[in-house]
1. Using a 1.4 Å probe on the protein heavy atoms only, what accessible surface does A:D153 show? Give it in Å² to the nearest 10.
2. Are there residues in segment A:429-450 whose accessible area shrinks by at least 50 Å² when all protein chains are included rather than the chain by itself, and which are they (probe 1.4 Å, ligands and nucleic acids not counted)?
3. Can you give the convex hull volume per residue for the Cα atoms of the protein assembly as shown, as a whole number of Å³?
4. Net charge around A:A392, counting only other residues with Cβ within less than 9 Å of its Cβ (Lys, Arg = +1; Asp, Glu = -1)?
5. Give me the three principal axis extents of segment A:268-315 from the C-alpha atoms, as integers in angstrom, largest value leading.
6. Every cysteine in chain B with no other Cys Cβ under 4.7 Å from its Cβ, please list them in numeric order.
7. Let me understand segment B:163-289 better: what is its radius of gyration from the alpha carbons, and its Dmax, in angstrom?
8. Using R₀ = 51 Å, calculate the FRET efficiency as 1/(1 + (r/R₀)^6) where r is the Cβ-Cβ separation of A:W150 and A:S35; round to 0.05.
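The values are calculated or read from the model by the stated rules, or taken from the named source; none is laboratory data. None of these values were measured; they are calculated from a predicted model. Glycine gets a Cβ as well: all are built from the backbone with ideal geometry, and neighbour counts include every protein chain shown. Remember, those area values only see protein heavy atoms, side chains included, never the ligands or the DNA or RNA. Shrake-Rupley method; radii C 1.70, N 1.55, O 1.52, S 1.80 Å.
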Protein chains: 2
Amino acid sequence: MTKNEGGQAVTERTLVLGLDYGTDSARALLVDAKSGETLASAVAPYRRWAEKRYCDPARDQYRQHPQDYLDALEEAVSAVLADAGEGSGQRVAGLSFDTTGSTPCMVGEDGTPLALKPEFAEDPDAMFVLWKDHTSVEEAEHINKTARTWNTDYLKYVGGIYSSEWGWAKAAHVLRHNDAVHAAARSFVEHCDWMPALLTGRQGLADMPRGRCAAGHKNLWAEEWGGLPEEGFLTAIEPRLAGFRETFARETLTNDQAVGKLTAEWAGRLGLTEDVVVGAGAFDCHMGAVGGEIRPGSLSRVIGTSTCDIMIVPEDELRDQTVAGICGQVDGSVMPGFIGLEAGQSAFGDLYAWYADLLAWPLRERARRDPTHAQEAEALRDKMIGMLSEAAARIEPGESSIFAIDWMNGRRTPDASQTVKGAIANLSMGSDAPRIFRALVEATCFGSRAIVERIREEGVAIEEVIALGGVAQKSPLVMQIMADILDMPIRVACSEQTCALGAAMFAAVASGLHGDVHRAQSAMGAGFETEYTPNSAHRDHYEKVYNEHYKPLGTLIENQLT
Amino acid sequence: MTKNEGGQAVTERTLVLGLDYGTDSARALLVDAKSGETLASAVAPYRRWAEKRYCDPARDQYRQHPQDYLDALEEAVSAVLADAGEGSGQRVAGLSFDTTGSTPCMVGEDGTPLALKPEFAEDPDAMFVLWKDHTSVEEAEHINKTARTWNTDYLKYVGGIYSSEWGWAKAAHVLRHNDAVHAAARSFVEHCDWMPALLTGRQGLADMPRGRCAAGHKNLWAEEWGGLPEEGFLTAIEPRLAGFRETFARETLTNDQAVGKLTAEWAGRLGLTEDVVVGAGAFDCHMGAVGGEIRPGSLSRVIGTSTCDIMIVPEDELRDQTVAGICGQVDGSVMPGFIGLEAGQSAFGDLYAWYADLLAWPLRERARRDPTHAQEAEALRDKMIGMLSEAAARIEPGESSIFAIDWMNGRRTPDASQTVKGAIANLSMGSDAPRIFRALVEATCFGSRAIVERIREEGVAIEEVIALGGVAQKSPLVMQIMADILDMPIRVACSEQTCALGAAMFAAVASGLHGDVHRAQSAMGAGFETEYTPNSAHRDHYEKVYNEHYKPLGTLIENQLT
């Protein structure tokens, strides 16, 4: 409490809310922007999603109902405010959102997701199309073909290949296959843009601001061609996209900018005040990189089932140059004043899970025949990666000659390819389960090295890795091998919630508590818990394996086998 | 019983004994050479071997005590005679041996294996060096180097590469490392040669006959250079081999020839008569091919942990030509009048066992931590290949794109290499255990195809496969895939004991019951139980995978990865 001039007690508004929407749940993090202290955090799962409604895994269809997002928002925010104590809501100055992406939803002229209207309440095509939904493979293919014939190279900032995970492909797919949705839709909105627009009363298409991050990385927005691609290109992708372009403002907001203040309605629903500033939203890894204290020269990696790799490069160092073969580069997508680069591996922890499932087959097959064994099978499966890691840690690098190629889920970067596949080679009769596991771990790190090499070849320096996410914090084995293979120090962030923390930092800047992102990072950063440094003998061994084994087999796979 | 001229009942001697010495046990098969009827069979394990004495698996040292062979002989023969009923021993006209090979033993001037003398009774170097003993890798390497500088190409009939599994390398190794054995040894004898020499009283080196099969396939005997390589070559391999050459007769015996008749002592010990003719011995697969009714144009394959592939080609079709890259070609090694060709795969069923062990790792690891789970782990391991085969049989060829290279245990033929290694490629997140198992099965059959292609390229026609051994009889999945991949019919022999049956056929010829091997096959052959014919759609699919995937990856592995 401080006192105003008249001596009355006034509430000092130094708290900010970071709101992080992941794949399965939303997290709220309440942070004091001045002290950096985390006062409370809470997680709210998506209820309909948890029931596996609106999804069809066989077709890779993953949809989320907008009501899940709203319910989770109220649940998570009320939980943190309750936890932080009475009056804490009055002390919140700003909030910002990060979400998965590209996760777009069809909206009417009023900007409301169609599934929030009674007639579309159960129509998956009227819901958010989750990032990992792959129903629009055909549409992405068509976008790529169309782009190759166009006189403007609209794919130059997204690595040259448009993905079925991104907005225009998903919009085209839904419009093509659902006449009712087509008839009602005037545009689509990314999840990270809808949340702030809704809360600030700027949901209507005429007024809805769009964030730079989603627009630039996934939806082909670029300064160079004056915003979105021209109408002719978009209708060549899909005639039903006619008129969508004009619903996007020419300008986009960077994450430090404010969208507005909470409406009275939302201030009431959330237990906050109408003075709360709402920042522009962005994708999770981009805000996560900021929460993990990214700086130029750092490669920020969220390492989980897959990786999302982010770098920032000062604008003047890369303005007219494109980094070939990565997912995207967008001025201001991570921090204002910097080009944001995005890359990633399609499978990282997922590869270990694949192998654990492979080894669990006999147990599960027995359980299929005799269900009394089911619990035992799953219990052992749960322990599998831990058991393998322990055994693999006892194997010296080079003790086995096995190596692998990590493309079991295709390759996101460098040079996206959905067709390349994985391999395990140099197998002998002595190749046992821990040795193969270790080779798979090494392979995921060789995949990381390919990304690092590409970015460096394109002229961007990388001096260290900042590791975020589950694998980073849980697996010293993987992180040490990664340090050895990348020949760089790796710092693991303390915070388990760097995305929400990054969102809180942006909320602090948007609401004026900090003058810029760098200051917010200094005041609010949670620091690093561990640093891995390369072992020079191991580095030399891995250098040889990478050049003499991983690369030649990768080339063969790419050119001849798949 | 028939009667002689004077009306007395005389015993008609139409029975023959086939004596088959495998890796773990000896089998005796008692057959009526006229009717083809099998009267009895018996198996006797090697007692000392079963206790794992004299072996050191870590060094790949595998030795067998000659006393094991003698004990097993008496046990197996007395068992079959007891089973066949009183007087059956009187009706036996001949017996022949087949054994594993090259399995040589150091002997003194009297031809007795040194380990049968009290001072060497416990010295592994004085025992038979089993075929799979790899202690002489260095010596084999030295033989290959020496051969490359010699003016006679002594390796031309053994595929151009001398193996550590063969006699001269093993003899050189034992002599180099054991002075006492060196001081006592005058020569070495192959297991298949020792048995008939011992039983006929021709054990002394001055008189001991050597069989064509072992001499030609493993010990560099060839008509072309007048028998064994010259003394200078053998002493260049190892000076301690000086004088060994003169202990080998210039001439070798083919399997249809007689070594002599049983000595009184052995007739007594075995319950047979002194009239019993003992045929020349040979290696198991060579006699097995005859027992499995091989003919020109058939590729006879003993398919078990590895494969041993045999062909016969009429002498005039191949006399001055060598088949490059196979294990060996020897005139008369299988049947007189035909060139015997030998090839094989280093791992076949062993590859499936390797994979089953891989999948059993979690169970065994749990059992290591908690021994109460040990029995459960092994019980599931025992069922693993059956479970995998069932599941793999439900997968259509081409349904998964996975393929593998079967060189986990190196490659025996074509073009022997101990350094090449195996691989599994085109893996995706959907690659589950049965799909990978199927790819491994296909890989072993692609390895078979490489042998078939090589033999054909060298001008030898192959029209069918005759399959013998455990995998052939137990796995319809494997055999059908092999038929599809080889694009040839495969006939599976009825007899589970084709090696012993082949030995019995040779005994029938050597003892005069049949005029030649072909007549013995006609009268005594057990026929075929199953024929697999290629499915043309699958054949086309596999043709493509073999040419477009298996071969390019094999080339990369051979040239770059190992």
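1. 90
2. Those are A:M429, which lose 50 Å² or more relative to the chain on its own.
3. Numbers: hull volume 226.0 nm³, N = 1124.
So the per-residue hull volume is 201 Å³.
4. Details: positive: A:R394, A:R435, A:R438; negative: A:E390.
Cβ neighbours under 9 Å give a net charge of +2.
5. Ordered largest first, segment A:268-315 gives principal extents of 41, 31, 14 Å.
6. B:C55, B:C105, B:C192, B:C213, B:C327, B:C445, B:C494, B:C499
7. 15.5, 47
8. On the way: r = 52 Å, r/R0 = 1.02.
My answer for the efficiency is 0.45.
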